[in-house]
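In what follows, a single structure is set out as structure tokens and then discussed.
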Amino acid sequence: MRKLLIALLLFRIGAVAQVPGLPQPSNSGGGSTGAGISACAATPPTAGAANSFCYDTSNIIWKCSNGASACTLAGQWTAQPASGPASGDLSGTYPAPTVAKVNGNTPGGTCTGQFVRSVDTSGRPSCQAIVAADLPALDYPQFQICITAGCGSEVSATRYPIAAASGWTPSDCSLNLAIAPTGSSVIVDVQTAASTSIFGATKLVFTTAGTSTTVVHQTTFSSTGGFFPLATDTLLKAVVTQNDSNGVAQFGYVRCH
């Protein structure tokens with residue numbers, strides 16, 4: 001009874017009652033209902049006493065901010081910023097706490113000069129140095145063609161062996177000629193050492209309309225069952241199947257990936 005009388009007296013003279021043993025408003029933690037704060041009738045609330053607090057269904061605390069007057073409109077209420085000390089996996093204070101733990105455990109370790117293979121449930125990384133064996137073999141076959149003027153019916157001097165352990169399936173091959181043909185198109189095929197085309201019927205065709213900056217592409221490959229991926233150590237070569245009838249075209253490259 002004595003505590004209640006003290007609280008009523010302080011309320012009459014306009015003081016903020018902080019009486020031990022009685023519930024006090026609190027918005028610590030940015031949404032904790034705290035002791036002594038009632039639920040809002042709406043979100044945002046509308047009616048309420050001057051400077052009163054309430055919490056909505058999302059645990060956001062609202063304050064009637066209409067000066068000394070009671071609130072009657074939603075626009076007279078303000079959501080309160082989080083405040084007070086953080087807890088659990090967070091440290092510091094609101095509104096800007098920091099992450100101190102993961103699932104109650106303090107993260108540890110960094111992967112300087114290494115890569116992260118995995119992270120456990122406590123936020124601790126498993127690190128491993130990067131070595132050549134960790135990197136997959138990437139195949140980019142390249143061939144020089146048309147060494148002689150007009151290209152002739154040349155076979156590239158280069159034999160490219162597939163390196164990828166899982167084999168290789170092409171997605172694009174391209175052809176450029178430094179000197180374009182003037183008599184007829186130059187047609188180039190990419191074949192295995194056994195002279196099997198990786199393209200099928202359609203080859204790389206560099207027409208007389210091309211220039212030294214023209215790059216032609218071929219993205220259609222053999223549909224023969226089981227042909228791809230080409231096994232490791234399969235040898236590839238570029239073959240000119242039609243040369244420039246005027247004997248002009250020269251200096252070319254074929255690249256695949």
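Nothing in this text is a laboratory measurement; each read-out follows from the coordinates by a stated rule. Values in this document were obtained by computation on a predicted structure and should not be read as measured data. Methodologically, a virtual Cβ is constructed for each residue, glycine included, from the backbone with ideal geometry; neighbour enumeration extends over all protein chains shown.
Observations on the model:
- Residue, farthest from residue 256 (Cα to Cα), within region 161-198, restricted to residues that are assigned to a strand (DSSP E or B) and touching a Phe, Trp or Tyr at 6+ places or on another chain (Cβ under 7 Å): 179
- Here residue 74 clears all of (1) over 30 Å from residue 37 (Cα atoms); (2) touching a residue at least 12 places away in the same chain (Cβ under 8 Å); (3) in contact with a Ser or Thr (Cβ under 6 Å, 6 or more places away or on another chain); (4) not aromatic (Phe, Trp, Tyr) except the condition numbered (1).
- Residue within region 108-125 that is surrounded by 15 or more Cβ atoms within 10 Å (Cβ to Cβ), assigned to a strand (DSSP E or B) and in contact with a Cys (Cβ under 8 Å, 6 or more places away or on another chain) present: yes
- Counted residues, region 93-107 - those being exposed (fewer than 12 other Cβ atoms within 10 Å of the Cβ) and farther than 30 Å from residue 66 by Cβ: 4
- Among (1) out of contact with any Phe, Trp or Tyr (no Cβ under 8 Å at 6 or more places or on another chain); (2) without any contact (Cβ under 8 Å) to a residue 60 or more places away in the chain; (3) closer than 19 Å to residue 146 by Cβ - the single one residue 244 does not satisfy: (2)
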